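Student: Structure below; questions to follow.
The values are calculated or read from the model by the stated rules, or taken from the named source; none is laboratory data. All values derive from a computational prediction rather than experimental measurement. Ideal geometry is used to build each Cβ from the backbone, glycine not excepted, and the neighbour counts take in all protein chains shown.
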Amino acid sequence: MTNPRDTPSGDSGTTLLSTARLDALREVANIGAGHAATALSTLTGTRIMISVPMVNIVPPGDFVPELEPGVEIVAVQMAMNGDIAGQTVFLLAIPAGLRLAERMLRRKRGTSPNLGKLEQSALNEAGNILAGAYLTALSEFLDMRLMLSPPRLITGEAGIALSTLGDHAPRVESPILCVETEFFLEEPSESLHGFFLLVPDPKAFDAIFRAVRVE
Amino acid sequence: MSSTVLVCDDAVFMRTMVSDILSQAGFTVVGEAENGKQAVEKYQQLKPDLVTMDIIMPEMGGIEAVKQITQLDPAARILMCSAMGQQALVQEALQAGARDFVVKPFQPSRVLEAVQRVLA
């Protein structure tokens, strides 16, 4: 999976949002990541840390092709409603998803070769926790009420999987808030790489921009 | 004889986790339900000493299930398992007849403490 920051993204990021505002959103993402790490550590009984190497606003047309062709992903999608509508997607390459599911299930590495019902349910719960933590931090920062629907799991080749998101499929007219999310796990040590995407409805994105009051 | 428990949650991951915690502590998990409707049906069949109940579930949520179970058996002992930020719903569940609650994600010790309080 390639990283959106490695690719020239035209009108993304800097022209859509000032550096100071992106810094503010990065700080919000860090707070959310901290809460999610605490919750996941409690759930798994091992220490999990989450860092946010990159936060950016990317046109969705830019994001999807940056996933290497043929990469199989697992994505947890949740509808977002409240003061702004849209959806959140937490996605990982399948091998990373399996590792995370094993941690959630307190199983040894390599004991879950396939995404069975239990592994899928564990990833839904991880996605639920992560999205909930990010959205809670964002809703406090924006002073908005944001709620999530129950999670839905999607698997498949990256482009196809993202296109199955229906009416909320990432579209060119709707920019995405992309939070690169790195998990550091202990006992045994390993790191897992994924993305958390906030895909607001086009109108909702204007509301976010207005609410990010940092100049 | 160990106390019997019915575990109700729409997520198989959470049902497995709660069942494991309780089994390892010596309780007997007699059944699992994936929504409130199933929980009401299985409560009548299995007559467990305790029910652990999620709040948000498809078909029938945990609060409605608590109302129906306590109507069938006013002495029913139900422990709510809620996610963070659901305090208002927890309050409603307690008013409907639930005995106590734990907040997800939980540590095994917290679940067992709450179960012991409810069964005391």
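Student: On the basis of being closer than 23 Å to residue A:116 by Cα, away from chain A (no Cβ under 12 Å) and not in a helix (DSSP H, G or I), does residue B:31 make the cut? Before the answer, list the steps.
Tutor: Values: closer than 23 Å to residue A:116 by Cα: yes; away from chain A (no Cβ under 12 Å): yes; not in a helix (DSSP H, G or I): yes.
For residue B:31, the condition - closer than 23 Å to residue A:116 by Cα, away from chain A (no Cβ under 12 Å) and not in a helix (DSSP H, G or I) - is met.
Student: Continuing with the same structure: Could you grab the pairs with beta carbons closer than 7 Å, sequence gap of 6+ or different chains, first residue in the stretch B:49-71 and within 22 Å of residue B:20 (Cβ to Cβ), second one among the acidic types (Asp, Glu)?
Tutor: B:54/B:9; B:54/B:10; B:57/B:10; B:62/B:54
Student: Check whether at least one residue in the stretch B:40-53 is of a type outside the set (A, V, I, L, M) and within 14 Å of another protein chain (Cβ to nearest Cβ), and report yes or no. If you could, list the steps in order and put the result at the bottom.
Tutor: The initial filter retains those residues of the stretch B:40-53 that are of a type outside the set (A, V, I, L, M), namely B:41-45, B:47-49, B:52.
Now drop any that are not within 14 Å of another protein chain (Cβ to nearest Cβ), which leaves none.
No, the stretch B:40-53 contains no residue that is of a type outside the set (A, V, I, L, M) and within 14 Å of another protein chain (Cβ to nearest Cβ).
Student: Moving on. Going residue by residue through the stretch A:118-137, is there one that turns out to be in a helix (DSSP H, G or I), out of contact with any helix residue (DSSP H, G or I) (no Cβ under 6 Å at 6 or more places or on another chain) and more than 18 Å from residue A:153 (Cα to Cα)?
Tutor: Yes; the residues of the stretch A:118-137 include at least one that is in a helix (DSSP H, G or I), out of contact with any helix residue (DSSP H, G or I) (no Cβ under 6 Å at 6 or more places or on another chain) and more than 18 Å from residue A:153 (Cα to Cα).
Student: Might you let me know whether the stretch A:189-211 holds any residue that is at pLDDT 75 or above, more than 17 Å from the chain's Cα centre (by Cα), assigned to a strand (DSSP E or B) and surrounded by fewer than 21 Cβ atoms within 10 Å (Cβ to Cβ)?
Tutor: yes
Student: Next question, about the same structure. Taking the condition of being surrounded by fewer than 19 Cβ atoms within 10 Å (Cβ to Cβ) and at pLDDT below 90, how many residues in the stretch A:80-104 meet it?
Tutor: Final tally of qualifying residues: 4.
Student: OK, next. Could you please give the count of residues in the stretch B:90-107 that are more than 13 Å from the chain's Cα centre (by Cα) and at pLDDT below 90?
Tutor: 3
Student: Need the failing condition index for residue B:46 against (1) surrounded by fewer than 23 Cβ atoms within 10 Å (Cβ to Cβ); (2) under 12 Å from the mean Cα position of the chain (by Cα); (3) more than 19 Å from residue A:129 (Cα to Cα); (4) in contact (Cβ under 8 Å) with a residue 40 or more places away in the chain, just the number.
Tutor: For residue B:46, the failing item is (2).
Student: Looking at the stretch B:84-117, which of its residues are in a strand (DSSP E or B), within 13 Å of another protein chain (Cβ to nearest Cβ) and within 13 Å of residue B:53 (Cβ to Cβ)?
Tutor: B:102, B:104
Student: Also, I was wondering about something else. Among the residues of the stretch A:94-117, write down those that are within 10 Å of chain B (Cβ to nearest Cβ), in a helix (DSSP H, G or I) and either basic (Lys, Arg) or under 12 Å from residue A:46 (Cβ atoms) (or both).
Tutor: A:104, A:117
Student: Just to be sure I understand, how many residues within the stretch B:13-23 are surrounded by fewer than 18 Cβ atoms within 10 Å (Cβ to Cβ) and either more than 12 Å from chain A (Cβ to nearest Cβ) or touching a residue at least 12 places away in the same chain (Cβ under 8 Å) (or both)?
Tutor: 1
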